[in-house]
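Contents: one structure, followed by commentary.
The values are calculated or read from the model by the stated rules, or taken from the named source; none is laboratory data. Given the structure is predicted, the values throughout are model-derived calculations rather than measurements. With ideal geometry, Cβ positions are generated from the backbone for all residues, glycine too; neighbour counts draw on all protein chains shown. Please note that ligands, DNA and RNA were not included when accessible areas were found on the heavy atoms of the full protein model with its side chains. Shrake-Rupley method; radii C 1.70, N 1.55, O 1.52, S 1.80 Å.
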Amino acid sequence: MSVVSPNKNKPGRPSSSISTSTTVVQSNTDSDMLSVSSRQRQSKKDEVKEKGFFFFEMFINKKKKKRLFVKKLKTNCTVSALRPAQALTVRETILVIEAAQLMAAKRSDCVLVVDDEEHLSGIFTAKDLAYRVVADNLDARSTTVADIMTKNPVCVTADTSAQDALNLMVSRGFRHLVTYERFTGNQIAKIYSHNKKAYDETVRINLVSSLLATLLLGSFGPMDAAEGSGTNMMNINSHQWDRKLLEQCGGESLYEKLYKEPVEGGTLLGNISHYYVERYGFHPECRIMPFTGDNSATLVSMNLSEGDCVVSLGTSDTVLVYLKKDAAEPTTESHLMAHPTDPEGFMGMLCYKNGSLAREFIRDSYANGSWDEFNEYLNNKEAMQQGDIGFYYWMQEIIPFAKGIYRFEQGKAVKEFKDKAVNVKAIVESQFMSMNVRLQRMGGDSMKRVLASGGAAANANILQLLSNILGLPVYRQKGMNGASLGGALLAKFGTVTTSFEEMMAQYPSAGLELICSPDLEKTKQYASYKKQFSNLEKDIVQNNL
């Protein structure tokens, strides 16, 4: 993790060394005005224009009212372009006095707080020290940072638009914004920039998937193309590393560190290492194929055809869709990755943070914690069809980047619906409408069916609403671990000489069960609300209603 701030250090110099990859973005609030001469201001503007940053200027006008002006210099500027400094991290059990001493030694006004498993749990700032310790007369020598930290801070990814991130800070009054690297390419770039010695001493770079194949081969193995596309360093059309991207992320030596170009799923890499034969009795002709990730393996397990869509309803909701290259449209909210078995296809993906946990929160808040009552409201209440639209970003959402719960009646913002039970239907409608809108944007107009998976796929009432909004029949796969099955199928694919489709023709999708078909009249009604839904969502993101 790391921190973007009005840098007190020299440009490019990290404020501290840490082993995590989070970033904090810091802006000046009204109480933190910077007094600079006009010459210094102009110099800063010139530097900012050169780097494509956003320039902030605070001043007090004649009426002593403070105002903030943001000038957009480049539309493609991201948080990572702001060169965030690395953040300090401390454990939850550290005493406030120890955290304050560390902050003073490193000349930082905040630290990120992590739990025993190195998961981010909060942020402790100089303001917390002043307001929650000194002002409340607490003993800094006996109070832990966990007692007074700001819990669950809002986070953004390093590829978030800088303007979106800075607008969020201004609208929410944040002085710090935690950012993190989502893709392998960004993570490599961070190590290359901030820990060059460690980077130079690194001989090879593997993902966990390619590392497993490497261990079994006894020699370095390549990534499969589906995994390679997830690094953001592979050309998804040619399935080859993009040399310009590699140089941006890790210099000229990165290509050598990756060792080999990505390979297609099911490619034979070689036989198992003699070590496993001699030590564990493996057959000497045991073949090793490239390992892949859980999303691409799940796609394989369902034996999808072009236009098939997988909706995984779990703790977070994930949408996977099989698209041909000529039909796919890249967007800033979705991911297009190489298809694990079809070199001419893409795996489109949408990832939502607010899935089952958000639905359970609404169940507990409005249905007395009962799924039976939840389902009753889902079937018997109307929300969008009567003009009640809700957006439930209970946790910081990825698509779109927003947090909070927002409700509208006939297009007007309200604190709560007149009938509170409407929230049950509104959250499910909102989640599925978002999927529908974004699937169409990425080229999913020709979808034919939905294959549901995940814990919430056991609820037929939820699936019926999904079917009605997407206008597609919904199937469910029973009794299988999709990712494990997909990995096994890819391994088998490496042992045959036919295409994947020909191989799978021997195994019809007998495990699929039709759960529901759409009520096409309701599908038309939901389609009529798409524009209003999209406009309200856009207002939430831009104006933080």
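Looking at Leu102, Leu129, Leu138, which is the one that is at pLDDT 90 or above and outside any helix (DSSP H, G or I)?
On the way: Leu102 fails: outside any helix (DSSP H, G or I); Leu129 fails: outside any helix (DSSP H, G or I).
Exactly one residue qualifies, and that residue is Leu138.
For first residues located in the stretch 89-110 and at negative phi and crowded, with 19+ Cβ neighbours inside 10 Å, partners that are part of a loop (DSSP other than H, G, I, E, B) and modelled with pLDDT of 90 or more and lie 6+ apart or on another chain with Cβ distances below 6 Å form the pairs Val96/Ala140; Val96/Thr143.
Among the conditions (1) out of contact with any His (no Cβ under 7 Å at 6 or more places or on another chain); (2) crowded, with 19+ Cβ neighbours inside 10 Å; (3) of a type outside the set (S, T, N, Q); (4) within 21 Å of Phe174 (Cα to Cα), Ile123 misses just one, which is (1).
Just name the residue that is surrounded by the fewest Cβ atoms within 10 Å (Cβ to Cβ) out of those in the stretch 261-288 that are within 34 Å of the chain's Cα centre (by Cα) and part of a loop (DSSP other than H, G, I, E, B).
Leu268
Residues of the stretch 215-235 that are part of a helix (DSSP H, G or I) and either touching an Asp or Glu at 6+ places or on another chain (Cβ under 6 Å) or of a type in the set (Phe, Trp, Tyr) (or both): Ala225 alone. Ala358 meets all of the listed conditions (1) open to solvent by less than 10 Å² (accessible area, probe 1.4 Å); (2) within 30 Å of Ala327 (Cβ to Cβ); (3) touching a helix residue (DSSP H, G or I) at 6+ places or on another chain (Cβ under 9 Å) but one, namely (2).
Answer yes or no as to whether Leu212 is closer than 22 Å to Gly487 by Cβ and either touching a Cys at 6+ places or on another chain (Cβ under 9 Å) or assigned to a helix (DSSP H, G or I) (or both). Against the criterion (closer than 22 Å to Gly487 by Cβ and either touching a Cys at 6+ places or on another chain (Cβ under 9 Å) or assigned to a helix (DSSP H, G or I) (or both)), Leu212 qualifies. Criterion applied to Arg141, Arg204 was being in contact with a Lys or Arg (Cβ under 7 Å, 6 or more places away or on another chain) and basic (Lys, Arg), and the one residue passing it is Arg204. Quick one: Ser316 ticks every box in (1) small (Gly, Ala, Ser); (2) open to solvent by less than 20 Å² (accessible area, probe 1.4 Å); (3) under 30 Å from Asp164 (Cα atoms) except a single one, so which number is it? Failed condition: (2).
Name every residue in the stretch 252-282 that is at positive phi and in contact (Cβ under 8 Å) with a residue 12 or more places away in the chain, in order of residue number. Passing the criteria: Tyr259, Gly266, Gly270.
Residue by residue, here is whether (1) among the β-branched types (Val, Ile, Thr); (2) open to solvent by less than 40 Å² (accessible area, probe 1.4 Å); (3) over 22 Å from Gly293 (Cα atoms); (4) modelled with pLDDT of 80 or more holds:
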| site | (1), (2), (3), (4) |
| --- | --- |
| Thr160 | yes, yes, yes, no |
| Gly173 | no, no, yes, yes |
| Leu177 | no, yes, yes, yes |
| Asn186 | no, no, no, yes |
| Tyr192 | no, no, yes, yes |
| Ile205 | yes, yes, no, yes |
| Leu212 | no, no, no, yes |
| Leu217 | no, yes, no, yes |
| Phe220 | no, no, no, yes |
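Restricting to the stretch 378-395, and then to whatever is more than 22 Å from Ala460 (Cβ to Cβ), without any contact (Cβ under 8 Å) to a residue 60 or more places away in the chain and in contact with a helix residue (DSSP H, G or I) (Cβ under 6 Å, 6 or more places away or on another chain), can you tell me which residue is surrounded by the most Cβ atoms within 10 Å (Cβ to Cβ)? So, considering only residues that are more than 22 Å from Ala460 (Cβ to Cβ), without any contact (Cβ under 8 Å) to a residue 60 or more places away in the chain and in contact with a helix residue (DSSP H, G or I) (Cβ under 6 Å, 6 or more places away or on another chain), the one surrounded by the most Cβ atoms within 10 Å (Cβ to Cβ) is Gly390. In the stretch 422-533, counting only helices (runs of 4 or more DSSP H) that sit wholly within it, the ones holding 1 or more residues that are open to solvent by 40 Å² or more (accessible area, probe 1.4 Å) and acidic (Asp, Glu) span 500-504, 520-527.
On the stretch given as the stretch 268-321, residues that are of a type in the set (D, E, K, R), out of contact with any Leu (no Cβ under 9 Å at 6 or more places or on another chain) and at pLDDT below 90 total 1. Scanning the stretch 141-158 for residues that are surrounded by fewer than 21 Cβ atoms within 10 Å (Cβ to Cβ) and assigned to a loop (DSSP other than H, G, I, E, B) gives Arg141, Ser142, Thr143, Asn152, Val154.
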